[in-house]
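Below is one structure, written out as structure tokens; the observations come after it.
Each value in this text was obtained by applying a stated rule to the coordinates, not by laboratory testing. All values reported here derive from a predicted model rather than from experimental measurement. Note that we place each Cβ from the backbone using ideal geometry, even for glycine, and neighbour counts take in every protein chain shown.
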Amino acid sequence: MSASRIVLNEPQQHRFEINRAALVDAAIFREEQERIFERCWLYVGHESEVRAPGDFRTRMVCGRPLILCRDSRNELRVFLNTCRHRGTVVCREAQGNAERYTCFYHGWTYDRDGRLYAVPGQSAYPPNFNRSELGLKEPPRVEAYRGFVFLNFDANAVPLREYLGSAVENIDLVLDQSPSGRMEMIHGTQEYDNRANWKLLVENSYDDYHLLTTHATWLDYLKSSGVEVKRPEKGHVLPSHGLGKDLGNGHGTTDNVNFRGRPVAAWIPIYGDAAKPELERIRAELVQRLGPERAKRVADTNRNLLIFPNLVLLDGSSVSVRSFQPLAPDRMRVRAGALGPVEETPLARQVRLDSFLTFYGPGGFATPDDIAALEAVQEGLGAYKEVQWSPLTRGMAKQGEQLNTDEAHLRAFWIQWDKLMRAA
């Protein structure tokens with residue numbers, strides 16, 4: 001199916017519809033890999049996941065096996081995890097520390113700087129065999145923004161900072177939680193498959209329209225714990241006024257007044273009385289360091305930020321870093337973990353992890369509900385030939401600000417997706 005028939009965007013008629021084939025069709029899925037994932041900046045990991053020379057994490061990004069690591073000078077590196085001989089992955093562990101990487105097939109060995117260190121029986125190769133030209137390959141572009149490491153398979157891509165654009169303002173709000181501006185991934189990353197198209201998780205990650213229905217159990221839990229979240233009398237909007245924002249380049253975010261407490265100085269009863277003085281101390285530090293206005297922005301608002309195409313920073317009751325790799329039109333692999341300030345005290349870290357696991361964890365109030373919802377959507381899309389179009393028009397007739405329950409930020413994602421899919 002031609003990409004020109006996937007997204008119907010007619011602003012004057014207040015019409016915006018998505019052809020459901022975009023979430024099912026195998027040919028469209030293959031085109032996405034080439035036109036989006038091989039041309040956009042993609043998240044690899046956080047610098048805190050590898051700290052010392054030789055530390056490594058193996059990842060799969062855009063179908064490529066990777067090694068995120070520190071070299072002998074303790075510099076961040078990303079290598080393609082494939083032996084230059086016959087293609088075998090040279091590092092088969094998920095994480096660890098290595099002096100060298102040895103291919104278990106024929107024994108070719110690489111050092112932590114990616115150089116080919118040893119070849120068994122090298123004398124059998126002809127004179128033009130040059131070991132110095134057969135080191136581990138690296139992606140064409142690797143850049144980082146404040147600890148978040150990205151790669152790009154397009155050597156001619158714009159610099160990462162330019163690509164991120166105004167999204168960095170929202171990333172900076174996350175980093176401002178730390179007195180030093182340094183955050184770290186907390187041990188215990190989750191990885192799981194979701195039987196749904198990856199774009200459904202994009203929408204779900206910053207779609208506040210589903211909150212009151214899909215996560216009703218969580219809202220009831222908050223209420224029973226002393227956190228009152230009043231249901232609206234009419235409509236489907238929470239009383240804590242929130243916005244949906246198009247940040248350009250396909251990036252977008254919700255921007256909400258927080259009502260559920262945060263381990264950056266907003267206490268609620270479920271944290272326990274022992275945590276109250278610590279959160280008050282954190283808030284005082286924020287005010288002293290950032291000033292009252294910026295401190296209030298950091299402590300009292302939360303956002304679900306999409307970095308196009310497949311990274312989401314969920315800066316809510318805690319900070320979750322969520323990335324997902326498409327495996328098939330109806331399957332993705334999700335990686336999620338908690339992010340926290342490096343200076344955090346054990347008590348504040350406990351509050352952060354409790355908040356993360358309670359909502360975003362594999363047995364939390366949100367994640368199982370969302371997985372079930374997306375898999376139900378994918379099942380329903382089996383009728384995509386008979387029911388072809390999905391409307392995405394909430395808020396489209398409004399002038400001015402768009403609410404977090406409107407769909408302007410979702411439309412921004414689809415407009416960028418459509419632009420890239422149409423590109424030569």
Over the Cα atoms of the range 330-391, Rg to Rh with Kirkwood Rh, two decimal places? 1.21
What shape does the chain have by the C-alpha gyration tensor, where a ≥ b ≥ c are the square roots of the eigenvalues, rounded means a/c under 1.5, and otherwise prolate means a/b greater than b/c and oblate the rest? oblate
Where Cα atoms sit under 22 Å apart: lysine pairs in the chain separated by 8 or more or lying on different chains: 10
For the range 129-162 the trypsin sites (Lys or Arg not before Pro) that pass both the DSSP coil test and the at-most-13 other-Cβ-within-10 Å test are LYS137
Sorted by mean Cβ packing within 10 Å, highest first, what order do the peptides 319-329, 102-112 take? 319-329, 102-112
Specify, per residue and in Å³, the volume enclosed by the convex hull of the alpha carbon atoms belonging to the range 47-152. 101 Å³
Thinking of the range 18-81 as a set of Cα atoms, what percent of all their pairs are more than 19 Å apart? 46 percent
Say R0 is 45 Å: what FRET efficiency, to the nearest 0.05, do ALA423 and LYS223 get from their beta-carbon distance? 0.40
For the range 278-424, report the convex hull volume of the alpha-carbon atoms normalised per residue, in Å³, without decimals. 177 Å³
Listed with the fewest Cβ neighbours within 10 Å leading, SER318, SER390 appear as SER390, SER318
Using only helices, what value at 222 nm comes out for the chain when you add -39,500 (n - 2.57) per DSSP H run of length 4 or more and divide by the total residues, to the nearest 500 deg cm²/dmol? -7500 deg cm²/dmol
Scoring the chain by relative contact order with C-alpha pairs under 8 Å, at least six apart, yields a percentage of 21 percent
